[in-house]
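To start, the structure under review is shown below, and the notes come after it.
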Amino acid sequence: PKYHVLQQALNDEISQRAWTNLVTFYDYDHSVFLQSDLDRFAAHEKTLDDEIRAGDVSFGYDVYNLYVRRLRERVDFATNLLAKAEWDFSTNETYRIRRKDAPWPETVADAEEHWRKRLKNEVLIRKANHELDKSTNALDVVTDITKNYRQYMTVLTEPDEEAVLQHYLSAVCRAYDPHTDYMSPASKEDFDMEMSLTLCGIGAVLSADEGALKIVEIMPGSPCERDGRSKEGDR
C-alpha cells in the first residue's frame, strides 16, 4: 500500500485476487484439486488481507500441503493405472487438453477419469511419434511415462518453507500487478548475482536426474576441482 506505484489499500479486492493467484499457481489446469477443496478455501477469499496484517500466513501453507496430498493421490493413480492398463484406441473419446477455464472435478472419480484420459492421450502420442519417426529403438511407454510422473512429483513437491512462503506472498504482490513479486532472501541473492553478472559457488555445473542433482561438469580451477572429492557424474 505504501511503496507500490498504485498505492492501493490491502483490502478485500486484493485478497480475492491473491486467493485466485495462489490457487491457480498450484493448479492452473484444474486437474489436482477437487471442487470441495475450493469450497474449503473459499472461507479465506476475503480475509487474506486481515490475516497478513496479523502476521498469519498459514493459508499459503494450507493450500500447498493440500496440493501435495492431492497431487500424490493423482500421481499414484496414474502410475498404478499405467502398470496394468490395456488401452483401447478404437473407442470414440474426447480429451480436453487446456483446462484453465474448466470446472474443478466434483469427485475423486471425476478427477481420476480426467487423468485416465490424460494418460491415454500421452500413451497414444508416444506410440504415434514412435511410428512417425520410424524409430528402431524399443518403445517402453509405461516406464518412460512413469519415470516422468515421478520426476514431476519430485519437482513440484520439493520446495522448502521459505519457497512456499514466497509463492504465497508473490500471489499477494501480483494482486497489485502481474510484474510485482516477493523475493525470499535466497531468491534475492540469486537475483542480485544475475543482475551483477557475478557468481560465487563451488564451480560445478548441475542438472536434475530423477529427483537428484547430478554433476555434469566441474569447472577448471574451481573450488570443487581443487577439493578433488567430487567427480563428473556424481549424484
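Odds and ends about this structure:
- Here volume of the Cα convex hull per residue in Å³ was computed from the coordinates, and among (i) 117; (ii) 134; (iii) 191 the match is (iii).
- Of LEU81, LEU213, LEU169, the residue with the greatest mean-square motion in the GNM of the chain, using alpha carbon springs below 10 Å, is LEU213.
- Derived scalar couplings ³J(HN,Hα) [the stretch 220-232; Karplus, 6.51 cos²θ - 1.76 cosθ + 1.60; whole Hz; x for Gly, Pro]: x, x, 7, x, 5, 5, 5, 5, x, 7, 8, 10, 4
- Sulfur and carbon atoms: percent of accessible area, the chain [1.4 Å]: 52
- GNM remark for the chain: springs join alpha carbons under 10 Å apart, and the peak mean-square fluctuation among GLU162, GLU86, GLU122 falls on GLU86.
- The chain: DSSP helices with Cα axial extent of at least 24 Å and average Kyte-Doolittle hydropathy no lower than -0.5: 58-84
- Solvent-accessible surface ranking, highest first, for CYS224, CYS173 at 1.4 angstrom: CYS173, CYS224
- Where chymotrypsin sites (Phe, Trp or Tyr not before Pro) fall in DSSP loop in the stretch 60-99, at most 11 other Cβ within 10 Å: PHE89
- Farthest toward positive dipole pole in the chain [+1 Lys/Arg, -1 Asp/Glu at C-beta], among SER31, GLY221, ALA138: ALA138
- Charge dipole (debye, nearest 20) of the stretch 134-235; +1 at Cβ of Lys and Arg, -1 at Cβ of Asp and Glu: 360
- In the stretch 1-103, Cα pairs under 8 Å separated by at least six residues give a relative contact order of 38 percent.
- Comparing LYS188, LYS147, LYS120 in a Gaussian network model of the chain, where Cα atoms under 10 Å apart are tied by springs, the biggest mean-square fluctuation is seen for LYS188.
The values are calculated or read from the model by the stated rules, or taken from the named source; none is laboratory data. Because the structure is predicted, anything quoted here is derived from the model rather than measured. With ideal geometry, Cβ positions are generated from the backbone for all residues, glycine too; neighbour counts draw on all protein chains shown. Accessible surface is based on the protein model in full, side chains and every heavy atom, while ligands, DNA and RNA are left aside. Shrake-Rupley method; radii C 1.70, N 1.55, O 1.52, S 1.80 Å.
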